[in-house]
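> My questions will all concern the structure given below.
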Amino acid sequence: MSPVVLRDYDRHGDVWLLDPVSGRLSPGAPRAADDANTADLCHGFVHVLPRDALSSRTSAEGAALYAESSRLWLQLGAERWDCDLASVRYTRQPDGSRLLTIASRGGPAREVPVPAPDTGPFDPTYDWTDALADDFFLWAADQLSRSGHRDVLRAHYLRGFEPA
């Protein structure tokens, strides 16, 4: 299985290569504007999961929403789910933490605790759009909430898009 080129959800302009089998990420190089190599187009987004060694960017794990082999995939580390066979739910817990639940026809539901994003200082204009921008997991659950929307994402991600 070939690596998938993904755009970093949090650091726009950064590109990662995802190995779908291991879930490992390696830094990718953004394509030069005059380079016509379509192999470097992005096929989805990745949120790099926090690690102590991440500052070196040599290797990492992530959560990704991408298209590969005519399918739309949600991947967390080495685990991945076919979005046509899975449902995703995102809930806020009373303690402020978040919980991502992925239920698949092929097995038991997986619950993933998600830390609340750091939204910075209080901002009275902070709204739903800002919340989606700050939280990859909320964004992914929102993107997968309607089956028709999944078809649009799949088609867009399979075509690929510019890294920046």
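> Of everything in region 2-32, what is of a type in the set (D, E, K, R) and assigned to a loop (DSSP other than H, G, I, E, B)? Give them in sequence order.
Within region 2-32, ASP10, ARG11, ASP14, ASP19, ARG31 qualify.
> Is at least one residue of region 127-138 in contact (Cβ under 8 Å) with a residue 24 or more places away in the chain, surrounded by 15 or more Cβ atoms within 10 Å (Cβ to Cβ) and of a type in the set (Asp, Glu)?
There is at least one residue in region 127-138 that is in contact (Cβ under 8 Å) with a residue 24 or more places away in the chain, surrounded by 15 or more Cβ atoms within 10 Å (Cβ to Cβ) and of a type in the set (Asp, Glu).
> State all residues of region 105-126 that are touching a strand residue (DSSP E or B) at 6+ places or on another chain (Cβ under 7 Å) and either modelled with pLDDT under 80 or surrounded by 12 or more Cβ atoms within 10 Å (Cβ to Cβ) (or both); if no residue qualifies, say none.
Passing the criteria: ARG110, GLU111, VAL112, VAL114, ALA116.
> Which condition does ASP95 not pass, out of (1) surrounded by 13 or more Cβ atoms within 10 Å (Cβ to Cβ); (2) of a type in the set (Asp, Glu); (3) over 27 Å from SER22 (Cβ atoms), if it passes all the others?
The one condition ASP95 does not meet is (1).
> Next question. Select from region 63-87 the residues that are assigned to a strand (DSSP E or B) and touching an Asp or Glu at 6+ places or on another chain (Cβ under 9 Å) and write down the one among them that is farthest from ALA131 (Cα to Cα).
Per the criteria, the residue is ARG71.
> Evaluate region 58-69: report whether one residue or more is at pLDDT 95 or above, farther than 15 Å from PHE137 by Cβ and of a type outside the set (Phe, Trp, Tyr).
Looking through region 58-69, at least one residue is at pLDDT 95 or above, farther than 15 Å from PHE137 by Cβ and of a type outside the set (Phe, Trp, Tyr).
The values are calculated or read from the model by the stated rules, or taken from the named source; none is laboratory data. Everything numeric in this text was worked out from a predicted model, so none of it was measured. FYI the Cβ positions are ideal-geometry reconstructions off the backbone, even for glycines, and counts take in every protein chain you see.
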